Each structure stands twice: as structure tokens, then as C-alpha cells.
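Asker: Please find one structure pasted underneath; my questions will follow.
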Amino acid sequence: MKQLRRWSGILALLVSHHLAAQQVLGRAVRDVSGSPLLEALIVLLDDKGQERARTVTSLTGGFELRAPQPGRYRLRVQQIGQRSWETSTFDLIGSQTSQRTLRVPDQPFELHELSASASRPNCSITLGDATLGANLLQAAQTSLALAEAEIGRGKRSYETETYRRVVPVVGPPEDSVVVQDRLTGWPIQSADPDSLRKIGFVHGNWPAPSPMNDRPENGPTYFGPDARVLFTDWFLGSHCISVEASDRAADSSSVVIARFKPAKGTHGAAALEGSLEFDRRSLALHSLTFQFATRPRWAPPGSAGGEIRFGRLPDGAWVPVQWQLRAPVPKVVGEMPRYRLFGVVETGGRVAAVYNAEGQRDRAAEAALSVAAPD
């Protein structure tokens, strides 16, 4: 028994030592002024360029990352409206803690003049190349990653109102249900990017039409895109990007829209068509809209898709504020039973209230988000 206790103690020490190993502690500041870099995404990359850890800077520009193992790494800094910036490579050995101050230069995106008409689609874009489409995708990646990080780190909590309803082709909506909840993850259900590549965004099918079941309830499962899948090599390699500028009549603001659609030969189940809308001056991401390429023959275009709108808080944090996913539902008609469109089922929600770390309503944050998604 004494020997068992001794070995248990040694094991605990080894585990503790492992958990403390290969840390990167640091602070990110602006190169010229030395002021803290707030709400910047810090990404730890290995020697193959693969992401191994990520975090968001604090109010003082501080950050902490933990590498999974010893090796050679570099840090990438991403900010909304700025080109990404990377450090030179450095080694992490054993239980070493690397302390670094990152002096990040100001490198705003510079968009070429855009005509009001769509530019020619560019297929197989690679993040980091010099094309306009790649720059916009990098801006979108930063906004989405910051939004995902904001949800998960618990600095604030977000009260939501979510709903589910069926909107028939004829008649009023059915089964409308509103639920109060908290935002604890990405608002639209997604799946592992590799699973989406192999199986697609739509899993399963409707059963064969039967006169004994004029309104089937169980159909396919729809998975929306999240902050990971839009920027994988397989998605970028199988979709084409076009860019256009537009002035929105509603608020006279100027936006840039990056549209994506499947390249020729893309497997339908793994294909999406949609757009990313940015503020033209800051390249902050306003919204992500998408449609599923796979749909039943009886379902019209646009009946399967979704949208996520984003807002920026006063301290620079980014968060999804309104979302919707829709899918077609059938009804059985005719003596020889077949499906026709009955309507669309919608699930969605919005951020209804924001609470700070002390549990108090954050009215300033709520006011900022209401601009992005007004009632």
C-alpha cells in the first residue's frame, strides 16, 4: 500500500509537470504607441503551419497559450480590419515557459476599387495569398473566431430567445415556441469539418411517401457552417469566391460582399452557396448567409439555408446576435403518393440580454448589439 501511495504521488507530480509545460505567456501591443492590443486573436502555429492553440488578448493585451508538446512554433496575431501578423519561429523545450512581448505593426487591409457588379469568381483560393477574396476570407475568419471565443470564455453571459415554427405555403405559422436560454456555443448546429467533407451538410433523407402518413415528422438533419469549416482547405478548394460592393438603402452604409458557390464537380452534399457581408471601411463582418445545395426535388431553391448576424461590443468583443436555420417540409398528395412542399420549418433566435461577470445587465453592450439586429 505504501508503494502504491508513493507511485501515485510520483504520477501526480508527472501530470502536474506536464500541465505546466510549454507555456507561452505574453502581451501584445501596438508597435508605434505601445498601447495594449485589445480583443486580438492570438494563434499558436507549429512548424507545419497547423493551429495548436488560440486565445484572445485581455484588456491589458495579455495572453496565455499552452503548447501540446515541445517543438518549434510561431505566433499569429489577427485583428478585425488588419492583415494578420506573425512572429519568427521559436523553440519550446521541456517545461519551458516562453515570455514574449509582441509589438504588432498597423497593417490595415487596402481594398482595390470595386465596381457595383460582381467580379469574376476565383476558385480554389488559399488563405494568405494576395487576392481580394483571400483578404476578405481572412477578415471573416478573424471575426468568426473572435465570436466563437467570446461565447466560450465566460467574460459575459448572453440570455437568448429561441424559437421553432412551421411556416406553411398557405395559412398562418404553426407550432411557434419561444424559449428563454443562455448562449453557450455556436448558435447553429454544426459538425466536425472532416465529417462535413465526407458526408455533407445534410444527413439522411425523408422516408418514402405513404398515404398513411400525410405529414411525416422525421426527415434529414441539417448542419450549418461554423468558424472552422469555411476556411478548411477542402472547402476553399471546392468553392469559388466573387466580390462586389454595394450601398444599402436602409442605412446608407457601404458594404463589401464576398459570395461563395460550389465549383464545378463539387459533391452536392458538401456544397454551400452563400455570402459574407462586411463593413467596407473596417471589414467587420455583418452577416453570414448560406443555402444548402442538396435539397429534395419537391423543394424550391432558397427553402433550405440560414443566416447569422454579428455585432461588436464597446470593448471590441464580437458576438453572434441573431440567427436562423430553415428547411423544407413535405406533405403527401395524390393517389400515387408523392411529396409536395408543405412549408418551411424555421429554428432561430437572438440575444435578448447581456450580463457582465458580476451578473448585472450590461446596457451598453445591449445597445451596441441592437444596432446589428434591431427588433
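Asker: Quick check: Cα centre of the stretch 184-250 to Cα centre of the stretch 41-59, how many Å?
Answerer: 27 Å
Asker: Also: On a straight-distance basis, which aspartates and glutamates could pair with Lys198 in a cross-link, Cα separation under 17 angstrom, same-chain partners fewer than 8 positions away excluded?
Answerer: Partners found: Asp226, Asp233.
Asker: Given H placed 1.01 Å from N in the peptide plane, which residues other than close sequence neighbours of Phe109 have an amide H under 5 Å from its amide H?
Answerer: For Phe109, the qualifying residues are Gln82, Arg83.
Asker: Can you return the aspartates and glutamates within cross-link range of Lys264? Criterion is Cα-Cα under 15 Å, with same-chain partners fewer than 8 residues away left out.
Answerer: The qualifying aspartates and glutamates are Glu273.
Asker: Using alpha carbons only, how many angstrom separate the centre of the stretch 291-311 from the centre of the stretch 251-289?
Answerer: If we compute the Cα centre of each part, the gap is 14 Å.
Asker: Suppose R0 equals 35 Å; then what is the FRET efficiency for Asp91 and Ser35 from their Cβ-Cβ distance, rounded to the nearest 0.05?
Answerer: FRET efficiency, Asp91 to Ser35: 0.70.
Asker: Using the Karplus curve 6.51 cos²θ - 1.76 cosθ + 1.60 with θ = phi - 60°, what ³J(HN,Hα) values do you get for each residue of the stretch 215-223, in whole Hz, with x for Gly and Pro?
Answerer: Running phi through 6.51 cos²θ - 1.76 cosθ + 1.60 with θ = phi - 60° gives 9, x, 9, 9, x, x, 9, 9, 10 Hz.
Asker: Additional query: Name the residues whose placed amide hydrogens come within less than 5 Å of the amide hydrogen of Gly62, ignoring near sequence neighbours (fewer than 5 apart) on the same chain.
Answerer: Counting only residues 5 or more places away or on other chains, the set is Ala28.
Asker: Here is a follow-up. Provide the FRET efficiency to the nearest 0.05 for the Ser210-Gln189 pair, computing r from the beta carbons and using R0 = 25 Å.
Answerer: Efficiency for this residue pair is about 0.35.
Asker: Now for a different question. Which value in deg cm²/dmol, rounded to the nearest 500, describes the helix-derived mean residue ellipticity at 222 nm for the chain, given -39,500 (n - 2.57) per DSSP H run of n ≥ 4 and division by the residue count?
Answerer: -5000 deg cm²/dmol
Asker: What are the semi-axes of the equivalent ellipsoid for the chain, taken as the square roots of 5 times the Cα gyration tensor eigenvalues, largest first, in whole Å?
Answerer: Listed largest to smallest, the semi-axes of the chain are 40, 27, 23 Å.
Asker: Could I ask something else about it? How large is ³J(HN,Hα), in whole Hz, for each residue of the stretch 274-287 in order, when computed from phi with the Karplus curve 6.51 cos²θ - 1.76 cosθ + 1.60 and θ = phi - 60°, using x for Gly and Pro?
Answerer: With the stated coefficients, the stretch 274-287 comes to x, 8, 10, 10, 10, 5, 5, 7, 9, 6, 6, 7, 7, 7 Hz.
Asker: Next question, about the same structure. Would any residue of the stretch 342-375 have its amide N under 19 Å from a label point 7 Å out along Cα→Cβ of Val167? List them or say none.
Answerer: 342-351, 373-375
Asker: OK, next. What is the chain's relative contact order, in percent, from Cα pairs under 8 angstrom and six or more apart in sequence?
Answerer: 15 percent
Asker: Report the residue, chosen from Leu102, Leu132, Leu25, that carries the largest GNM mean-square fluctuation when the chain is represented by alpha-carbon nodes joined by springs under 10 Å.
Answerer: Between Leu102, Leu132, Leu25, it is Leu25 that shows the largest mean-square fluctuation.
Asker: Shifting gears a bit: So if we plug the beta-carbon distance of Asn356 and Val178 into 1/(1 + (r/R0)^6) with R0 = 41 Å, what FRET efficiency do we get, rounded to 0.05?
Answerer: 0.95
Asker: Before anything else, pin down the relative contact order of the stretch 46-204: Cα pairs under 8 Å, at least 6 apart, normalised by residue count, whole percent.
Answerer: In percent, rounded to a whole number, it is 14.
Asker: In terms of Cα to Cα distance under 14 Å, which aspartates and glutamates are near enough to Lys331, apart from those fewer than 8 places away along the same chain?
Answerer: The qualifying aspartates and glutamates are Asp214, Glu217.
Asker: Below 8 Å between Cα atoms, with a sequence gap of 6+, how large is the relative contact order for the stretch 148-372 in percent?
Answerer: About 23 percent, as a whole number.
No value in this document is a laboratory result; all are computed from the given coordinates. Here the structure is a predicted model, which is why all the values come from computation and not from measurement. Virtual Cβ from ideal backbone geometry, glycine too; neighbours counted across all protein chains shown.
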